[in-house]
Structure formats: C-alpha cells, structure tokens
1. Could we say that V322 is β-branched (V, I, T), modelled with pLDDT of 90 or more and under 30 Å from L149 (Cα atoms) here?
2. Go through the residues of region 144-155 one by one and say whether even a single one is assigned by the TED database to the domain that holds D209, open to solvent by less than 70 Å² (accessible area, probe 1.4 Å), of a type in the set (D, E) and modelled with pLDDT of 85 or more.
3. Run K576 past the list (1) under 30 Å from E618 (Cβ atoms); (2) in contact with an Asp or Glu (Cβ under 8 Å, 6 or more places away or on another chain); (3) not polar (S, T, N, Q) and report the number of the one that doesn't hold.
4. Checking S693 against (1) surrounded by fewer than 13 Cβ atoms within 10 Å (Cβ to Cβ); (2) touching a Gly at 6+ places or on another chain (Cβ under 8 Å): exactly one of these is not met. Which one?
5. Condition test on S216, is it hydroxyl-bearing (S, T, Y), crowded, with 18+ Cβ neighbours inside 10 Å and touching a residue at least 60 places away in the same chain (Cβ under 8 Å)?
6. So, in region 71-95, how many residues would count as being at pLDDT 85 or above, open to solvent by 10 Å² or more (accessible area, probe 1.4 Å) and either in contact with a Leu (Cβ under 7 Å, 6 or more places away or on another chain) or over 16 Å from L57 (Cα atoms) (or both)?
7. Is it the case that region 344-361 has a residue that's in contact with an Asp or Glu (Cβ under 6 Å, 6 or more places away or on another chain) and open to solvent by 20 Å² or more (accessible area, probe 1.4 Å)?
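The values are calculated or read from the model by the stated rules, or taken from the named source; none is laboratory data. Everything numeric here is computed off the predicted structure, so don't read it as measured data. Counting neighbours? That spans all protein chains shown, and the Cβs are built from the backbone with ideal geometry, glycine included. Keep in mind that these areas ignore ligands, DNA and RNA; they rest on the heavy atoms of the full protein, side chains included. Shrake-Rupley method; radii C 1.70, N 1.55, O 1.52, S 1.80 Å.
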Amino acid sequence: MLFIYIFLIIFHRISSHTILKYTIEEKSPINTIIADFSKEFDIESNGFYKIYEVLPLNHNLFSINNQTGQLKTQSIIDRDQMCLKQQCSCQSCEIILQLEIKIREKILSKILEIKIKDLNDHSPSFDQQSLIHTIYIKENVPLGYRIVLPSANDPDEGLNSIQSYKLNGINSDDFDIDFSSYDIPYLIVRSSLDYERQSTYSLTLIASDHGQPLHSNSIEINIKILNINTSIPIFVQSVYNIDIREDTLIGTTILNIEASNDNNNEKIFYEILTESPFIIDRLTGQIQLSQTLDYEREKSYRLTIKAYNNQYPTYASIFIRVTDVNDNPVLITIRTEGNTTLKRKENDKNIFFIQENTSIGTTIAYIILNDLDSFANGNPYLQLRTNDPPLPLIYKLIYQNKFQNTKLYSLIVHQNLDRELRSIYNNIQILAHDSGTPTLHTQLFLILNITDINDCVPKLLTKSTIYNINENNPIDYIVDKLIAYDCDLNENAEIEYNLLNKTDLLIINSQTGEIRLNQTIDFELFNKYHEKNQTQIDLEFFIELKDHGQPSLSNQTKIILRIHDLAEIEYNLLNKTDLLTINSQTGEIRLNQTIDFELFNKYHEKNQTQIDLEFFIELKDHGQPSLSNQTKIILRIHDLNDNSPVFNKNQSYNWTYSKTILQPGSILGRIYATDNDSGLQGLIHYSINSLNSCLTLNITSLGYIYIPYGLTTISTCLESLYTFEVTAYDYDPINPRSTKQVLTINLHSNFEANHILPKLLPLSIQRTTIDVNTHNNNDNLIFLIDITTWNNHTYEPKIYLNNTTLLSCWNLSTTGELRLTSHPYSLSYMLSLNLIDEYTQMNSLINLHIDICNSSILNSCHLYSLSDNRTILIYAISLALCITCACIIIFSIIICLCCRKPIQHKNDKLTSIHHHSFLQCNDDYNTNEKIDHTSEQYKSSSNSTIRDDDHDSACIVNGHSLSSTSSSNDTWYNRKESTTIPMYSSSTYQYDIKLAELLRKNQHPPCIFLNELPPIPQSLSTDYGFSSLDLSKSSSTSTIPNQHVETYIDQSPTMKSFISSRECVV
C-alpha cells in the first residue's frame, strides 16, 4: 500500500500539464548538467528515461542517462548560429524536448523548454560592402537635415546587441545621431554650416552594445561641406520603407527612387551598394526584383543606395520587408509511444499495430504539426475523422510554439479494443489545416491494426461427446477427431489435446485431437456383475484443451464411450465386383483398386462431374434359423482434374499463306485440343504468344486463330517464318492444367492464293455485307461469328440459326462458322441467332443483318461500305430531311391558302350552295431518285385544306403517282449495267386535272383508286424483294409509254368509303 501511495504521488507530480522550463548559457561545456529528473521527481529506481526533440532541427545537443535521468549537454551550443539558421527565435532562443519516463509498465510524458541564454560574445561590425566613408553636405542645408550613416550588425540578443551610436572628433557637436527607427543611424545637422569657416570634418562613428562586458566598434567618416553654388544630388527621401510579397515575380518594379540637383543638365546615376536580390536602373532609379524571394529563408533586406553626379555622391537607405504568402502545407510527423509500432506502406498509408488490451486513456502516438509559413498563415490545427465509424481514437493538444508554428498532439485510445470483435480500423484520416488564405491542408491515412493477446479459452466444437462403440472393435479404431476452437491467432490459437485419465484403452493425438481405441473391447470384461439386462456400459474420460499462448489458457471437457454388447453379424457383398471388398466380421468396406472417373463416364458427358455406383450388402446373423437383411450403399465418384489438354496429333501445325491475303480480322485456321475430364476441368480455352513482334495473332476460346483488327504491320514484315506458342488451358478454378504447342506460319510473297480467308465477325457488329463475286464457291467459309465474346462467363458456347426457311441458303455451325450454301435469292437477310452456353444453360437471342452485293457491278458494294462508315453523316442527312419536309409542309399550306378558286353554282335542287376550291399540289420530283418499293402505293394528302364554308374540297398531292424504276430478274450481284426510266411531269399534270374535274361533279365522292402498275410482290426476306420479280430481261430495260393512268370509282355497296363528306384524299 505504501508503494502504491508513493507511486500515485510521483505520478500526479509528473503527469501535470505544466511545462518544465530550464535555462543554460550558450557555449557551455559538454556534459553540463541541466536537470536530474530522478531527484526532481523522487524516483529512486526502476525508471527508464528518454528524450525526443519535438522538431528535429538541433540534433545531438542534449543527452539523458536512461537509468539516472540526468539531462546533459552533448555539444557546444552557439545561440547566434542557431538564430542565423532560424533554428530558434533570435529574441528568445528556446529548444523544445519531450521527456518520457517508464515506471513499471507506465509511461509518463513531459514537455521540456530549454532556453539558451545569450552571452555578449560578439562586437558590432560594419558592413564593408556598403560602407560610407565620405559624406557631402551643402552649407545651406537647414538645421535638422538628416543623412543616412553606415549601420553596424551584432548577432547577440537584447542588451548584448547594438544599443547606441556616437560621433567623436573636432567640432563633432555640430552634428547629432538619431538611432530611433528601423535600427538605422541618421546624421542630423545641429549647427549652421559654413564652407568658409570649416569645409571638412574628420569624425569617428562608434557603435556600442550594453552587454557585460561592453563591446564597441568604430569607423572613420569624413564630412565635407560644399559651397552653396556646388551641385550635389539630393534624395527626395533619405529612407524608404516598403513591403513586398514573397511570390512577387522576377522583373517586377518595386520602387522608383529619385534624387535631384541644382543643375538640371547634369545626369544623376544610381547604384546599390548592398548585395541583395534586387537591381537598380542606374539612369532612372527604378528598382526591380532579380531573384526569387522566400519568406522562410530571408524576411527582410536593408539596401544602401548611392546617387552621384560627376563628382559628389549622396546616400539613401531602403528597408524592405518580405510579407509571407501561404505557400507551405502543414508537415505531419508521427511518433509512436509504448508498445505501439508504426509501419509505412508505399501507398502513403500508416499502419498502427496496437495490442487489444490497451486500456482507455493510453497515448499510442504523438502527432507533430509544423508550418514553415508565418504564424498568420500557419497556426496549424488537427482534425481526425473516419468513413467507417466508430473511431476508437481521440487527439489532445499538449504543446504549441508560435515562433516555430508547431503544435504537438497526443493520440489517445478512448474505446475498449477487442481484436475478436474488430481487428482492423480502416480509412482513418488525419487532416492538418493551416490558418492561411486559401487554406492548405495535408492528409494522411491511418490503419489501426489490433494485435492479438492470449485472452480466449479453447472451446470444443464437437457436437456430441457420447460415442457409441460396439464391442469387438478393431485396434486403432478411430472414435472421433475432436475439433476445438480458440478465437486468438497464431501461437495463442494453437491447441494441444491431453488425456487426463490414466488408461491403456484410449489414446489421443495431442496435435490433431484424434481419439483411437488402443485395444479391442470385450463387453463381458466390463460387465463385472454379468447383469443380463445390461446391454451397454458408459466409460468416462476427461480431456484437457490447452493453447500455447503466454500465459497459457486451458479448458477441460468430458467424453463418454458407450460400449454396446452385440450379437455376431456376418457382412457379405452381393455385387460381383473387383472394385470393393468388405470384411465379413467387422463390416469394414475398402476400395480394392484405384478409381478412374473417365472409365465410368462412358459417354464422356462434360456436364457429368459425378457418377453413382450402387452396391448391395447382406447382413446375416448366426442364429438358428439365420436371419438376414439387405441394404444398399452408393459410392459417389467425383471427377478430379487429372488430365491435361491434348492437341490433335493428326492436325498440321505448319501453315503456309500468301502475304497478299492476310488482312486484319482474317481467320488463319483452328487448333483443337481435347481434355478427358468432366465439368470445367474438361472444357478448354486457348492463348497464343507471338515470338516475333512484327506479326501478332489472337485466338478465340474455341481455338480459331485470327489477325487482330488493329494490326497494321503485316505489310512491313520481312521475314517468311514466324513461330507462335499456343497454350490450351482447362477451366479448373483451383488447379488448372495446360499444354503448349508450337505453331509455325510461313509467309510467301509469290505464293499463289486461290481463295480468300474468312473474317472474324464480333458479336457487337449487327450488320455486315457479303460480296458474292468474291465468295463464289458455296463451300467456302464466309465468316466466323465470334461467340466467345458473348459474356465473361461463357464456357461452352454454341450458336444456332432460328430461321428454318433460310437453311436452304445458309449453313451455320455451332461454333459460329457461317457458309452460303446456294445462290442467294435476296439482297438482304435478317438472321435470327440463338446463343446457348451448354454448360451454364444461359441463352441469348441476337439478329444479324446481312446485305448481299456484287463487286462486279459498279458501286454495288461501295454503297454499303459508305453506309457502314457514315453513321454520323446519316444522322446529319436525316436532320436536314426533317427540316426540309417541315419547310415543304409550311410552303404547301401557304400555297393552298393563296390559290383557292371559287366553284360555280350548282343545281338549284341543292338546298345550299357549296363553294369548292381545288388546288393542285404537285411535289417537285427528281427523276433520278430511287423509289422505296416498301412504301405504300397510294398516299393520302397531309396538306389538305378545309375551310369552315367548304363541305367538299380536296388538295391532291400526287408527287409520287408516276414514280417508277426498272425491274429486273437479275439481282445486284448479277447485273452488269443499270438503266434509268425517264419521268414525265406533263402526264402527271394532266392526270391531276382530270381527277379534279371528277371530284367537282360528285358531291360525296366514294373511294377512288388509281390503276397503277401491278404491285411488285415482296420477297420472303427482309429486303422487300427486288430479286424475287419474275420479269423478262427485256422488260427490265423498257419504259412505259405516255405514262397513261386510268381512274375509276368503286360504287360497289360492299366497298366502304374511306373519304368523309368533307374531305377526299388520294
């Protein structure tokens, strides 16, 4: 209790949030003791001390004894050099350390602030580069006239730096020194100057500090008084103060200085005496930036400017302050604490490994934020968040330093951790923001990995602990294999099984938990009292489950062996087979030979992955009379992937082609391999590897080898022999097998090719064209439909043709080979195809539109190629046609409204007078335009105009009434020439007039039909039938004389009139 009380007192003193402050003079000897923490905190023993620098700027300055806690200097500390290197503030140089004390598994942390006390070890020094030795003053300057003097530098701090300037010499009282602003000394005229009285002053300028001891330095200055008539440059301002942003571009003008003299004809020249990133135009006095500024490197500049004419110079001083720009993001440093370890991955993720028994309130890491910008743009702050709550961590600010823009946070556990419930916390984000505008932030990703401790007790998962054992068992009879579970990991989850009973009957495997009988059980030996009614005896055994963790955890369980008294039974196998044997006494069934699944799969069905074999067992006792029973057992044989794909040995793997017939998409041939396995283990797919970069080939999963569509280097291949490696794989997802085969391709330029290679047609192409002039042999393969790209999980795809009416013309194999078996009778075919994966039973329907062309006819195939390649042009033309039709309709309505004619009065018998107007609307028709025969023969007028006072009026638009094209018995691929039938617009005009007269005479016109040419019968195919006309060859080139068209009126009562009483449409 006393120890606990003392420990709590020590812990309370150390764990206070106050900052421990210490002071040490600069340039103290090495091993100078700064503090002794064991005495300061009354820690007698068992303490372990470590120090960390919050910002790693000053390495190897201090050291600590890990056992005694003495903090000492490790090197000579020069405060002035640290100030120049911006490792600490020049006003107050402080070094921040973090102290950790480990006492009995407890870690205590404190912040140490060590101030470096300045010594007056430097004397003031004047900059020799910008030194002013001679000052020229006109005698008529007013009292109080100010002139810039040379300034001195002293790297010491406070009173040890420059505190005053003074002048010594004859008549030095005529002048005074002002040292009140910007650390720049000014010479002030106190008395009237007289060139004739005294023209030269030889004075000493002394710069002094107020340190102990006092240091000073001096330079000689000559002041020359000039006559009132002497011309000397005079600056408009003797001191300039400006601010400039650190992101100012090079070449920017920051200031224009100006000096003048009494003689306006004299030129004044300017010069910068101080080395700096600025330049001055010696004629205009314009100062520009010549180098990039960096606030973090240099925060201010002091320039001495010289203006002079031919004889006398004048000096001015420019004080330039560099203003900070928020151009530095926050830097994040992470340091782990205690048992926590940190691992950084390549993807910028930091992984914390922390034990699951870490208590709430434990600090696992420290996060240090540092911003190189000024405090206004810096002042960083931390944010912790996650996309997968809850977040088991919180952060706490424990220290901040405004000069170094540094903040120190501790990362603390605030929830109970349990690896068995959750082992990983992903997507923890550390966000560090600054206070600048715009705000910059830095982001780190954390993964909290909870490591395992041995906190789980092994448990038995076996469902039953009572085992029924028949007597006369064989030796080494396996009773059971115990399965135990430990929710820990690795060694903490390794379980050892021990039998606690001392017995020779039972043994247990300590590693696997397998329980075996060590001897044959005789029920009568255990039935000591020979009770006849007792047919079973229970034997109890205790088993210990023990893991290998530290400390080890264990559990005990009880199992019961229930021994049964049995009558003697004989087991007989009724099937005649060499595959199986049975022990007639014990009933033990054994396989007598190795099973080959392929021998039982007689029909080599790929979908059959298991086969059931039935056997019948006879159970027979030895009583009188003997009784027996039969039972059936089934051996379910499963196929294993024990066969590799085998390439067809009868196939040649040395192919020869002419280079002229090789085109992108061309199929060179098919390689076929077989696999005797079943299921996915027996289905094959292929890959091909080219051993020459010039010619590359692809292969489908069905073995078809083709040239890729994107390949353009075939013509540049100079070699004649190319070697490829084809690999056949099965689809076994666990242990796939493969076989390789070398394929040789020979290319000859002078090799005569008598055929054209078929093309590979992807499923994405829904329309294609066939040139019958090229594919003149009906047995040739036209193209191959690539059914292997149907979906990503197709194993055994097959394709079938649904159009049974097209089987006389087309032949489609199940692998996608499409052949034209007879002369096509149509210009276009729509093939309906059914895709089936015979393994997964998935199916899909697709349509393939095939256009027939004949390259021997001019532009026959060219039109199809243009239509396939100009989809965007088709959309543009369609849009233009729509706009044109809209304009025509509007124009037609305007014409109809303007061209109405009054109709003469009719019979007095009519009860009312009807005014009829007739307008002939005749579309301009291009005689060379092709007519779509699939359109209707008779079209209703869409531009009919009906007025309220008109009961019967008609607007007949008959632009297509006489359009016609020549018909031919030959299809496009058989025609050699084409003729165009001329169109006669005059006959169309006469026909419309006759129709108009007919309509005027009939008040309620019935249905009007036009006797046109006999309609052309449509083909069974989808091209609507050019090739199915049965016309003579002569008729295909003749024209229709006079274009006479008859008109008749159907008056039959059975015909229903489709024209209303107000409108008649033709």
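1. It is true that V322 is β-branched (V, I, T), modelled with pLDDT of 90 or more and under 30 Å from L149 (Cα atoms).
2. Yes, that holds for at least one residue.
3. Failing condition for K576: (2).
4. Looking at each condition in turn, S693 falls short on (2).
5. So S216 fails the test.
6. Of the residues in region 71-95, 3 are at pLDDT 85 or above, open to solvent by 10 Å² or more (accessible area, probe 1.4 Å) and either in contact with a Leu (Cβ under 7 Å, 6 or more places away or on another chain) or over 16 Å from L57 (Cα atoms) (or both).
7. No, region 344-361 has no match at all.
Conditions tested, residue by residue: (1) within 48 Å of the chain's Cα centre (by Cα); (2) open to solvent by less than 60 Å² (accessible area, probe 1.4 Å).
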residue	(1), (2)
T248	yes, yes
T252	yes, yes
I257	no, yes
K267	no, no
E275	no, no
L289	yes, yes
